[in-house]
């Protein structure tokens, strides 16, 4: 752990924060809201070329109009094309996967179900304990639903050009409105494409790290019993996990008062739109019922911005701002 410079012990918490933040005022530019939707690929290409010095979210309208998936991916089409295909499904009692519960970091139960059964549950034609979310990552579109690959591009050409690489993973998302992705960050440039429905994002720039609490938790997973109830079972082979205990929709400011100084951004991504979410941006995600989405993960550049974030993270911990 980085030692706090001796002079920092004589500073107020506010002064320490100002020192931590000063490195980032140029590199992590914060908008009052993500830039408004733009038409066409040229604008995003220009936006992505700025990521080396000015990473910021950007919504692109009409980015997916040439994808057959935008017209094809109805529930009847999915039933006919991949209905019998078994997919990995995250199952939780309350819709929150990868979330802090007490002193545990709890991961979802995982079931392998025919996609048609998931669709039946979404349409109210069948029941299943808990909340279902098709969210397995590591390119689940290619590994579990490869029949759908011809309905979209294998990557986003203009994004691949701007970033100078192809994506590491292409992921398929489908779930209930109750399914929520807790606040976290990824080491990926994320191009999030909504095919139907809408996604609701709450975002924080990396420069908000001093105001976002992290703690260490024992990892555990939900297990679904034969009676249809859930129990939490520790993952004894895993080491403790650092995670954010705070719910940004209902923050406990008595316990985490620093969060009141964070600058949350909110946006809704609708069908046919693409959200560019830069690496290291914190995000919390909700969705409309039955929303279908695909996202492309491009590995981030471990450059000066990454080093700055690591420095800010270390200073946050060392200055007692965690």
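Rounded if a/c is under 1.5, else prolate if a/b beats b/c, else oblate: with a ≥ b ≥ c from the C-alpha gyration tensor eigenvalues square-rooted, which is region 67-137? Prolate shape, in that a/c is at least 1.5 and a/b is the bigger ratio.
In terms of the Cα gyration tensor, with a ≥ b ≥ c the square roots of its eigenvalues, is region 84-194 rounded because a/c is under 1.5, prolate because a/b exceeds b/c, or oblate? Here region 84-194 falls in the oblate category. With q set to 0.10, 0.21 Å⁻¹, the log10 of I(q)/I(0) for region 124-260, from the Debye formula over equal scatterers at the Cα positions, is -0.51, -1.43.
Note on residue 301/residue 202: beta-carbon distance plugged into 1/(1 + (r/R0)^6) with R0 of 30 Å gives a FRET efficiency of 0.75. Can you bin region 175-322 into rounded, prolate or oblate? Criterion: square roots of the alpha carbon gyration tensor eigenvalues sorted a ≥ b ≥ c, rounded for a/c under 1.5, prolate for a/b above b/c, oblate for the rest. Oblate, since a/c reaches 1.5 and b/c is not below a/b. Enumerate the residues in region 77-112 having an amide nitrogen under 12 Å from the point lying 7 Å beyond the Cα of residue 125 toward its Cβ. What the label zone holds, given the 12 Å backbone N cut-off, is 77-80, 83-84. At an R0 of 51 angstrom, the distance between the Cβ atoms of residue 215 and residue 80 translates into a FRET efficiency of 0.65.
Relative contact order for region 66-154 using alpha-carbon pairs under 8 Å, separation at least 6, rounded to a whole percent? Write out the running numbers ahead of the final one.
On the way: 114 pairs, mean separation 33.9, N = 89.
Result for region 66-154 is 38 percent.
Listed from fewest to most Cβ neighbours within 10 Å, the set 111, 209 follows the order 111, 209. Only Cα pairs under 8 Å and 6+ residues apart enter the sum, and on that basis the relative contact order of region 187-322 stands at 49 percent. One Cα centroid belongs to region 76-103, the other to region 283-322; the line between them spans 23 Å. Remark: 291, 138 ranked as 138, 291, counting other beta-carbon atoms within 10 Å and listing the fewest first.
Arrange the peptides 270-283, 253-266, 87-100 so that the one whose residues have, on average, the most other Cβ atoms within 10 Å appears first. Walk me through the numbers before you get to the answer.
Values: 270-283: 21.7, 253-266: 13.6, 87-100: 20.0.
Going from most to least packed, we get 270-283, 87-100, 253-266.
Under the definition of Cα pairs under 8 Å and six or more residues apart, what whole-number percent is the relative contact order of region 111-214? Normalised by residue count, the contact order of region 111-214 is 29 percent. Measuring r between the beta carbons of residue 225 and residue 317 and using R0 = 45 Å, the FRET efficiency lands at 0.70.
None of the figures in this text is laboratory data; all of them are computed from the coordinates on show. Keep in mind that what you see is a predicted model, and the values were worked out from it rather than measured. Reconstructed Cβ throughout: ideal geometry from the backbone, glycine too, with neighbour counts over all protein chains shown.
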